[in-house]
Structures are given as structure tokens and as C-alpha cells.
Amino acid sequence: MQLALAIEKEPSDEMNIVNSTRDEIWQTLKENPKMVVDWYRTRWEHMQGADLLFLCRSCYGGVVRFRMRDGYMSTPCGAHEPIHPGVFARRVAQWSTRVAGTTFFHRGYEESLERARSGDVVYCDPPYAHSQAILYGAQNFTLDDLFRSIERARKRGVFVAMSIDGSKKSGEKSCPIEWPGGLFAREEAVNVGRSMLRRRQMGGETLEAEVVSDRLLLTH
């Protein structure tokens with residue numbers, strides 16, 4: 001799970017990343033953006049099968065999923081066009097500026113939520129219960145554990161926002177989520193557009209019936 005912690009009293013942000021490999025990417029993006037560009041360009045130019053083909057081409061829709069028992073990447077094969085190194089370099093330049101004041105940590109979300117104090121803002125982006133059961137090794141994650149951590153933070157005056165499943169298929173399919181009464185003060189629907197994976201599956205077709213809406217839960 002990604003967890004962003006905005007400290008109200010100091011002009012800085014924190015981001016907690018459970019996956020150590022992703023943490024390395026963000027740390028390097030902040031400290032040495034040129035290295036991130038070189039990583040990508042080297043693999044683009046040499047076209048190494050284990051790097052470019054496996055990670056960019058085999059990963060369906062750019063979504064990474066691993067099986068717990070053996071670490072096998074279980075995302076099915078599908079079309080995924082990697083971006084050109086020049087475009088990638090421009091995106092790195094933009095994001096390295098955005099994260100310049102952010103500190104990245106590789107640790108469990110529980111510890112980061114415990115660090116938050118009154119007036120801090122925390123955004124939680126957990127694996128979605130109806131679509132991301134094994135995304136980034138989420139097999140051991142439970143929403144109930146997260147809710148307990150959020151409740152403790154809320155009682156200390158921490159403002160917590162959390163995104164989770166809302167509805168699919170343009171509202172025809174609801175994704176029910178239960179949470180403890182009184183934990184969240186507000187619920188907002190956020191239209192996130194048409195399903196990314198369905199775009200891959202239904203190439204060339206219109207997707208008016210595949211609009212996805214996320215649920216944004218707010219403690220205040």
C-alpha cells in the first residue's frame with residue numbers, strides 16, 4: 001500500500017511504500033533523476049528480453065501482480081506499448097521536481113500512521129478489495145487492520161483520506177465495502193474514467209458502459 005503523509009507544521013511531505021523495489025525507484029527519482037532516465041534508456045537501447053520484453057510487454061495493462069507461494073508474475077500477457085525514452089525523460093524531469101520535498105520510507109503503513117499527529121493529513125491508497133487482491137503482493141493485507149490504524153490516528157486529530165472501490169460498469173455494478181461506524185465522516189464518489197484493463201481487452205470498441213467510480217472516504 002502507498003501511504004502519503006503531509007506534515008502540517010513543516011513544509012515537507014512523506015510517502016510510505018511497502019514494496020522495497022518501488023521505494024528504490026522513488027528514492028532514486030528524488031536524489032538522482034538522471035539515473036532513472038539512464039536505467040530506462042539502457043534497457044530500451046539494448047532490448048534485453050528479461051528487462052524490456054518481460055516488464056513492459058508481458059505485463060498486461062502495466063499492472064504488476066505476483067503470486068505469494070512462488071513469486072510468479074501472474075499478470076496475463078497483453079498489449080502494452082512502452083513509452084519512448086525521450087517522453088520518459090520529460091516525465092522524470094516533471095516528477096523529480098514534484099517530489100523534491102518528499103521523504104520516502106520503506107515500512108509498514110501501521111508505523112507511518114502511528115507517527116501522524118494532530119493536524120497532519122494522511123492519504124491511504126490500499127489494494128482495492130474487488131480488483132487488486134494480489135496487486136504488489138497484497139495477499140496478507142486486510143482492510144480491517146487498516147481501519148484499526150486509521151481509527152487510532154483519527155482519535156489523535158489526524159485527518160485521513162482513503163480511496164477504495166466504488167462502482168464499475170458505469171454504476172451498474174456496486175462494490176460494497178464495510179467499515180466501522182463513525183470511522184469516516186464523509187464519502188465522495190470520484191469518477192476515474194473508463195476501466196484501464198477493459199480498454200486493453202476491448203481495443204477499438206467504445207467503453208461507455210465501463211466507467212469506473214472510486215470511493216473517497218474522509219475522517220473529517
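The values are calculated or read from the model by the stated rules, or taken from the named source; none is laboratory data. Because the structure is predicted, anything quoted here is derived from the model rather than measured. Cβ placement follows ideal geometry from the backbone for every residue including glycine, while neighbour counts extend to all protein chains displayed.
List pairs: first in the range 34-45 and more than 13 Å from His84 (Cα to Cα), second modelled with pLDDT of 90 or more and of a type in the set (S, T, N, Q), Cβ under 7 Å, 6+ apart or cross-chain?
Close Cβ pairs (under 7 Å, with a partner that is modelled with pLDDT of 90 or more and of a type in the set (S, T, N, Q)) amount to Met35/Thr28; Val36/Thr28.
Just to be sure, is Phe141 at pLDDT 95 or above, within 28 Å of Asp23 (Cα to Cα) and surrounded by 13 or more Cβ atoms within 10 Å (Cβ to Cβ)?
Taking the combined requirement at face value, the residue does not satisfy it.
Can you name the residue in the range 2-29 that is part of a strand (DSSP E or B) and of a type in the set (Gly, Ala, Ser) and is also modelled with the lowest pLDDT among such residues?
Filtering first and then ranking leaves Ala6.
State all residues of the range 186-220 that are β-branched (Val, Ile, Thr), surrounded by fewer than 17 Cβ atoms within 10 Å (Cβ to Cβ) and modelled with pLDDT of 60 or more; if no residue qualifies, say none.
Val190, Val192
If the requirement is being surrounded by 13 or more Cβ atoms within 10 Å (Cβ to Cβ) and either at pLDDT 90 or above or at positive phi (or both), which of these qualifies: Arg156, Arg107?
Answer to the selection: Arg156.
Keeping to the range 170-185, report how many residues are in a loop (DSSP other than H, G, I, E, B), exposed (fewer than 13 other Cβ atoms within 10 Å of the Cβ) and modelled with pLDDT under 85.
Residues meeting the conditions: 2.
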